[in-house]
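Worksheet: one structure, shown below.
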Amino acid sequence: MAREEEKGWNVNGLFTRRLLALVLFGLLHLVLLWYGDILLNYALAGFFLLMFYKARVRTLLIWISILAVLLVGVLLLNLLAVDLMEGSIREAQVGGAGKIEEAIQVYQEAGFSEWLAYRWSNEVVPVLLNMPLSILGVLFMFLLGLAAGKIGVFKHFSNHRRLVVTVWWITLAGSVPLLLMIMLLHFGIVDYGMLTDYAIDTFVVLSGYLLSLFYISSLLILLQKEAWQRGLKPFSF
């Protein structure tokens with residue numbers, strides 16, 4: 001966006017057109033191919049990102065902190081809700097087994113219009129209802145990237161090397177216990193009963209945020225070496 005501004009482009013207009021194109025691709029992917037689409041989440045979070053483009057780093061850090069608290073709060077509330085509604089969830093799981101058989105039958109035997117109607121009510125609508133929560137996580141990462149760009153982490157790495165190395169160590173140290181817990185829960189060494197699957201999901205989400213920062217900081221550190229610059233040159237643009 002900064003580069004386009006230097007060329008005299010209307011940044012908001014250009015970015016909005018690109019986001020609308022991404023919305024279209026995301027909807028087509030979600031409705032016609034797979035409920036695990038992420039493009040629509042990125043596009044919708046991108047519209048919120050426009051609101052923060054001119055914000056100061058201090059403002060961004062405040063919002064990043066607010067979103068982090070909200071995300072952790074939502075994850076903890078989800079675990080609490082599962083614990084309190086154990087009976088209802090068991091009934092839903094029993095019904096879910098039948099839904100799997102129903103879905104297989106629809107995908108194998110139904111015509112296109114029936115298949116599309118089934119996908120819409122059973123897969124697309126639940127994804128759309130969950131969209132506000134998923135956008136929170138995407139926007140959180142977007143704002144982290146925007147803040148890093150504004151303070152010059154990517155352009156002037158040498159000035160921020162200590163910060164990047166600190167992030168690398170913190171995210172590594174935070175990721176390892178989470179990954180160990182995921183393995184222990186997955187193999188049944190640690191068992192939380194009804195909460196086990198939801199605990200795994202919670203740890204996966206948290207480790208995902210930490211690992212993404214670990215990967216990015218690792219890449220930034222490696223790119224200071226000529227050998228890595230040469231090796232990754234074909235991917236630059």
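Considering each residue of segment 138-145 in turn, at least one proves to be without any contact (Cβ under 8 Å) to a residue 24 or more places away in the chain, over 18 Å from TRP34 (Cβ atoms) and assigned to a helix (DSSP H, G or I).
Taking first residues from segment 194-218 that are of a type in the set (Val, Ile, Thr) and partners that are open to solvent by less than 60 Å² (accessible area, probe 1.4 Å), the Cβ contacts under 6 Å between residues at least 6 apart in sequence or on separate chains come to THR196/LEU185; ILE200/ILE182; ILE200/LEU185; THR202/LEU75. Within segment 215-237, the set of residues being in contact with a Phe, Trp or Tyr (Cβ under 8 Å, 6 or more places away or on another chain), open to solvent by 40 Å² or more (accessible area, probe 1.4 Å) and in a helix (DSSP H, G or I) comprises LEU222 only. Answer yes if at least one residue in segment 120-136 is more than 30 Å from GLY46 (Cβ to Cβ) and not in a helix (DSSP H, G or I), and no otherwise. Among the residues of segment 120-136, not one is more than 30 Å from GLY46 (Cβ to Cβ) and not in a helix (DSSP H, G or I), which makes the answer no.
Of the residues ILE200, ILE182, ILE189, the single one that is open to solvent by 100 Å² or more (accessible area, probe 1.4 Å), over 24 Å from SER65 (Cβ atoms) and β-branched (Val, Ile, Thr) is ILE189. Restricted to segment 140-164, and to residues there that are of a type in the set (Gly, Ala, Ser) and buried (at least 18 other Cβ atoms within 10 Å of the Cβ), the residue that is farthest from ALA55 (Cα to Cα) is ALA148.
Of the listed requirements (1) modelled with pLDDT under 90; (2) more than 19 Å from the chain's Cα centre (by Cα); (3) within 26 Å of ALA45 (Cα to Cα); (4) not charged (D, E, K, R), THR196 misses just one: (3).
The values are calculated or read from the model by the stated rules, or taken from the named source; none is laboratory data. Keep in mind the model is a prediction, meaning the values are calculated, not measured. When we count neighbours, we look across all protein chains shown, and the Cβ atoms used for this are built from the backbone with ideal geometry, even at glycine. Heads up: the accessible areas ignore ligands, DNA and RNA and are worked out on the full protein's heavy atoms, side chains in. Shrake-Rupley method; radii C 1.70, N 1.55, O 1.52, S 1.80 Å.
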